[in-house]
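Working notes for the structure below.
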Amino acid sequence: MNIVFLGEITGKSGVFAVKSTLREIKTRYAPDFIIANTDSTTGGAGLGVQHAVYLKKLGLDCLTIGESAYFKLDMTGFYPKAPWVLRPANYPYDNPGRGYRVFQTERGKIAVIVLLGQAGFSRVHLENPFHTIDRILERVSKDTASIIVDFHAATTAEKLTFAAYLDGKVSAVIGSHCKALTADARILQKGTAAITDSGRCGSILSVGGMDPAAKIREYMTSVRTYMGDGTEGLESQGCALTIDENGRATAMESFRIPCKEQIHD
């Protein structure tokens, strides 16, 4: 089974980048299933209903989200109607939405799990992801051996530790949140693919996908500024992996695909 994971879709520029490059991504990797992180898609913070529906119509099979899961109030009531959108599983059990799901594809079943790290999130304090994942794996491993984990975490150390902990237990541990594509796509000793951060879709000539000029003003004045999207150097980043019938990863690579089109205001 071929899987594509798109890095964090950041703002309208990120949505445009995905739309512009999706055909090339499909041609290059022939994915059976496409996952995208959408923690910064709507206004640079969170995911709104319109973007959730639009990205699904574009052909993305699963959208994941991190600490911004409840930043857009319209999504809170929409989660039950959108089983393709997953928020971190270590939120309280009764929170709107779901943290994992087993999807049916033409090549068999695949489970996607989202977890939030513990370090670096001052506004959100969730259950220990190491404890949460063990309980989830007891359930989903009965349905499928093909299991993808989006670990939305701020520090390299926590991401590397989590990947090592899950080696041999899942198909892949894909890091998100930092929006900086790392060069360490690899297969661990027991057959789990891992990458520290899957990057972003949007402007590479920006500050995390946002307008750099506004961010410079913020640092120089200490006055928070609405940044807006960066619109230069648009590209889609992420990783592609192949897993066998036993859920073991056989190949993984990261990618950067520049947009051939320019965004127009």
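Throughout, read-outs are computed from the coordinates displayed, never taken from laboratory work. Computed from a predicted structure; not experimentally measured. With ideal geometry, Cβ positions are generated from the backbone for all residues, glycine too; neighbour counts draw on all protein chains shown.
Take every DSSP beta bridge whose two residues both sit in the chain, then give the antiparallel share in percent to the nearest 5.
Working: 27 of 55 bridges.
Roughly 50 percent of the beta bridges in the chain run antiparallel, per DSSP.
To the nearest ten degrees, helix 49-58 and the longest principal axis of the Cα atoms of the chain are 60 degrees apart.
In terms of distances greater than 21 angstrom between alpha carbons, the cross-link table entries K215/K260; K57/K169; K159/K190 yield K215/K260; K57/K169. With contacts taken as Cα pairs under 8 Å at a separation of at least 6 residues, the stretch 2-258 carries a relative contact order of 21 percent. Could you tell me how far the Cα centroid of the stretch 143-163 sits from the Cα centroid of the stretch 7-64, in Å? Centre-to-centre distance over Cα atoms comes out at 20 Å. 3J(HN,Hα) couplings calculated from phi for the stretch 142-150 with the Karplus curve 6.51 cos²θ - 1.76 cosθ + 1.60 (θ = phi - 60°) are, in sequence order, 6, 9, 7, 8, 8, 10, 10, 10, 8 Hz; Gly and Pro show x.
Taking Cα atoms only, the orientation of helix 11-29 departs from the longest principal axis of the chain by about 40 degrees. Between helix 156-166 and the chain there is an angle of about 20 degrees, using the helix long axis and the longest principal axis of the Cα atoms. Within a straight-line Cα-Cα reach of under 15 Å, K72 can be paired with the following aspartates and glutamates, leaving aside sequence neighbours fewer than 8 residues apart in one chain: D39. Amide H contacts for M210 (H built 1.01 Å from N in the peptide plane; partners 5 or more residues away or on another chain; cut-off under 5 Å): G230. If only the Cβ of Lys and Arg carry +1 and only the Cβ of Asp and Glu carry -1, the dipole of the stretch 2-258 around its Cα centre is close to 360 debye.
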